[in-house]
Amino acid sequence: MNNLKLEIILNEFLNSHRIKDYTMNGLQVEGKSDVKRIITGVTASLELIEAAIEYKADAILVHHGYFWKSEAPAIRGMKYQRIKRLIEGGINLYAYHLPLDLEPTLGNNAMLGKLWNIVNIAPLSDEQPLVLTGELSEAMDVVSLAKLIEQSLDRKPFVEASGPKLIKRIAWCSGAAQDMLEEVAEAGFDAFITGEVSERTIYIARELGIHFFAAGHHATERGGVKALGEWLQSEYGQSYGLEVEFMDIDNPI
């Protein structure tokens, strides 16, 4: 498949042109024009790039790419080494941040909802579409929910147990959404699950009477890019000879 055609397909599927973000979404570093072998992963780290080179990949598709609004624009140091290896290998780098969180069928948050068998799923509000809400298929206590999260993500979550005895109504958001806890609690939910935790998060959970789970930024964002790669393989693998493989470069955060 032509590398620019692949970008068009991904942009259209993820509706990326309609989503405001703190980074650019799409083809960030151009490589060879013909793409057949694709590696998917959470972050375009040097370790993932080296693995892609060993795999003889033509493209890397990630959730966390480069060129964030808060970072220095100069291509030097660590950024230079990463981009240098991409260019040397002729590897295209595609990155989708918020579009991959928001995608309603196989985005990061959608995949978490499927993993935990959540029903009646809806955004927290029109202003906060990244945070999803719903109900557990069966109410459970905080220990049982922690076990479900650990089994589904292969990572033991940090837990602040400050909510009701049984959990039914929950909200969740992959990545670092701990500062949404207060809004979630005020909306009456029993628990909130995200990736990271801050010092202030604990007091908010205790004072507002809500369970809080930090399940890992990396762990909560593996599902979307993996599912996106599987979708590419199923939709275009046969007609374009695409081979897509997910590589998990572990990160404890």
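The values are calculated or read from the model by the stated rules, or taken from the named source; none is laboratory data. In this text the structure is predicted, and so the values were computed from the model without any measurement. Neighbour counts are summed over all protein chains in view; Cβ atoms, including those assigned to glycine, are modelled from backbone coordinates with ideal geometry. The area values use the complete protein model at the heavy-atom level, side chains included, leaving out ligands, DNA and RNA. Shrake-Rupley method; radii C 1.70, N 1.55, O 1.52, S 1.80 Å.
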- prompt: Given the stretch 122-220, what helices (runs of 4 or more DSSP H) lie entirely inside it while holding 2 or more residues that are open to solvent by 20 Å² or more (accessible area, probe 1.4 Å) and among the polar types (S, T, N, Q)?
  reply: 142-153
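Which is over 18 Å from Asp248 (Cβ atoms) and either touching a strand residue (DSSP E or B) at 6+ places or on another chain (Cβ under 7 Å) or of a type outside the set (Val, Ile, Thr) (or both), of Leu112, Leu46, Leu98, Leu61?
Working: Leu112 fails: over 18 Å from Asp248 (Cβ atoms); Leu46 fails: over 18 Å from Asp248 (Cβ atoms); Leu61 fails: over 18 Å from Asp248 (Cβ atoms).
Every option except Leu98 fails the conditions.
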- request: Considering only the stretch 127-157, state which residues are within 19 Å of Ala185 (Cβ to Cβ) and among the acidic types (Asp, Glu).
  value: Glu127, Glu135, Asp141
task: Return the residue satisfying two criteria in turn: it lies in the stretch 87-121 and is in a helix (DSSP H, G or I) and of a type in the set (Asp, Glu), and of such residues it is least open to solvent (accessible area, probe 1.4 Å).
output: Asp101
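If the requirement is being more than 15 Å from Leu242 (Cα to Cα), out of contact with any Leu (no Cβ under 9 Å at 6 or more places or on another chain) and part of a helix (DSSP H, G or I), which of these qualifies: Ile49, Ile75, Ile8, Ile83? Steps first, please.
On the way: Ile49 fails: out of contact with any Leu (no Cβ under 9 Å at 6 or more places or on another chain); Ile75 fails: part of a helix (DSSP H, G or I); Ile83 fails: out of contact with any Leu (no Cβ under 9 Å at 6 or more places or on another chain).
That would be Ile8, the only listed residue that is more than 15 Å from Leu242 (Cα to Cα), out of contact with any Leu (no Cβ under 9 Å at 6 or more places or on another chain) and part of a helix (DSSP H, G or I).
Residues Leu130, Leu115: which one is aliphatic (A, V, I, L, M) and farther than 30 Å from Lys5 by Cα?
Working: Leu130 fails: farther than 30 Å from Lys5 by Cα.
Just a single option satisfies the conditions, and that option is Leu115.
Out of Ile8, Ile19, I need the residue that is without any contact (Cβ under 8 Å) to a residue 12 or more places away in the chain and of a type in the set (A, V, I, L, M). Which one?
Working: Ile19 fails: without any contact (Cβ under 8 Å) to a residue 12 or more places away in the chain.
Criteria check complete, one pass: Ile8.
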message: Can you tell me which condition Glu235 does not meet? The list is (1) in a helix (DSSP H, G or I); (2) touching a helix residue (DSSP H, G or I) at 6+ places or on another chain (Cβ under 9 Å); (3) open to solvent by less than 20 Å² (accessible area, probe 1.4 Å), and all the others hold.
response: (3)
statement: The number of residues in the stretch 195-253 that are under 16 Å from Met111 (Cα atoms) and of a type in the set (Phe, Trp, Tyr) is 2
- line: Taking first residues from the stretch 25-40 that are surrounded by fewer than 21 Cβ atoms within 10 Å (Cβ to Cβ) and second residues anywhere that are part of a strand (DSSP E or B) and of a type in the set (Asp, Glu), the pairs with Cβ under 9 Å that are 6 or more apart or on different chains are Lys36/Glu243; Arg37/Glu243; Arg37/Glu245
